[in-house]
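Reading through the C-alpha cells given below for one structure.
Where a number appears in this text, it was derived from the coordinates with a stated rule and is not lab data. Computed from a predicted model, the values in this text were never measured in an experiment. Note: ideal-geometry Cβ built from the backbone for every residue, glycine included; neighbour counts use all protein chains shown.
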Amino acid sequence: MITLLVGMIFIATGILLKSFPPKKINSLYGYRTFRSMKNQATWDFANRYSAKLLIVFGAILCLIGLISSQVFKSSGFGIIIGFALVILAAVSLIVITEKRLNKVFDSTE
C-alpha cells in the first residue's frame, strides 16, 4: 500500500515540476543538489530531467503497489518490500539524475 501511495506522490510531484518548473535557482522548490544548483543551465536541465523520472518511477511504483497488494495482502513482508522499493526509487532518481548531469555538463562548469 505504501508503494502505491508514494507512487502517486511521485507522479503528482513530477507533473507539478514539469508543469511549473522553478524558474530560478532556489532553496525551496525543485531538484536541489550541489551539481544541479551550480548554474542556471544545470538547474533547468536537472529539474526537467528529474520531473520525467519522477513520473516514470511513480508509475512503476503504482504498478508494483497494485500487484503486491494482491500478492502479499497485508503481510509484514509486503510492507518491508514496499519501503525498500520506495527507498530504491528515491536513491535511483538522484543517482541517475546526477550521472546525467555529469554526462551532459562538463564538470568544470
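General observations
- Taking only the alpha carbons of the range 2-104, we obtain Rg and Dmax values of 15.1, 47 Å in that order.
- Likely footprinting exposure, 29, 49, fewest C-beta neighbours within 10 Å first: 29, 49
- Point-charge dipole on Cβ atoms (K/R +1, D/E -1) for the chain, about Cα centre, debye to 20: 180
- Helical runs assigned H by DSSP (4 residues or longer) give the chain a calculated mean residue ellipticity at 222 nm of -26000 deg cm²/dmol, each run adding -39500 (n - 2.57) before division by the residue total.
- Furthest towards positive pole of dipole, 5, 30, 64, structure part the chain, Cβ charges: 30
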